[in-house]
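Report on one structure; see the data block that follows.
The values are calculated or read from the model by the stated rules, or taken from the named source; none is laboratory data. It should be emphasised that the depicted structure is a prediction, and the values quoted were computed from it without experimental measurement. For neighbour counting, all protein chains shown are included, and Cβ atoms are generated from backbone atoms with ideal geometry for every residue, glycine included. Surface accessibility is based on the protein's heavy atoms, side chains included, excluding ligands, DNA and RNA. Shrake-Rupley method; radii C 1.70, N 1.55, O 1.52, S 1.80 Å.
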Amino acid sequence: MPDAVKGGLFVGAAVATGILVGLLVPSLVGAERDTKGPRAHAPSLPQMPSVVGQPLDEAQSELRGRRITYVTDTPHIVEEVVPNILEVCESEPAPGKSIRGSARLHVALAGTCDI
């Protein structure tokens, strides 16, 4: 057999082998990856509870109990000294929505949210 034919057969066999390996290896690797079980999921974000209409001190207790950080739009001294005279008028995010970072509470004197 001439050398040119031998070389052509060798190249053809190498190409065919490469194609077969290219088709079989990904499916084998993918099958192995799928048998390892479910992947760990990222921790879920906390959900905002419904605190609108509650006195600020009750809302604070609920958020602390759920380990949710929050900020309010009232002066810190008022929030610390007399939180029971303040009412939560609105929350960001809305109740039931996921919280990224800190929740925001918009507060006012009790009974004045609708004014």
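Using the structure shown, decide if Val15 is assigned to a loop (DSSP other than H, G, I, E, B) and either open to solvent by less than 50 Å² (accessible area, probe 1.4 Å) or at pLDDT 65 or above (or both).
Details: assigned to a loop (DSSP other than H, G, I, E, B): no; either open to solvent by less than 50 Å² (accessible area, probe 1.4 Å) or at pLDDT 65 or above (or both): yes.
Answer is no for this residue.
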Q. How many residues, within segment 62-87, are over 26 Å from the mean Cα position of the chain (by Cα) and of a type in the set (Val, Ile, Thr)?
A. 6
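Given the structure, is Ala108 touching a residue at least 12 places away in the same chain (Cβ under 8 Å) and part of a loop (DSSP other than H, G, I, E, B)?
Values: touching a residue at least 12 places away in the same chain (Cβ under 8 Å): yes; part of a loop (DSSP other than H, G, I, E, B): no.
So Ala108 fails the test.
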Q.
I'd like the residue in segment 61-91 that is open to solvent by 70 Å² or more (accessible area, probe 1.4 Å) and among the acidic types (Asp, Glu) and, out of all such residues, is modelled with the lowest pLDDT.
A. Glu80
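Please find, within segment 101-115, the residue that is modelled with the lowest pLDDT out of those that are under 34 Å from the mean Cα position of the chain (by Cα) and open to solvent by 30 Å² or more (accessible area, probe 1.4 Å).
As a first pass, look at segment 101-115 and keep what is under 34 Å from the mean Cα position of the chain (by Cα): 101-108, 113-114.
When the remaining residues are screened for being open to solvent by 30 Å² or more (accessible area, probe 1.4 Å), the result is 101-102, 104, 106, 113-114.
Values: Gly101: 92, Ser102: 94, Arg104: 96, His106: 96, Cys113: 93, Asp114: 88.
Ranking the candidates gives Asp114 first.
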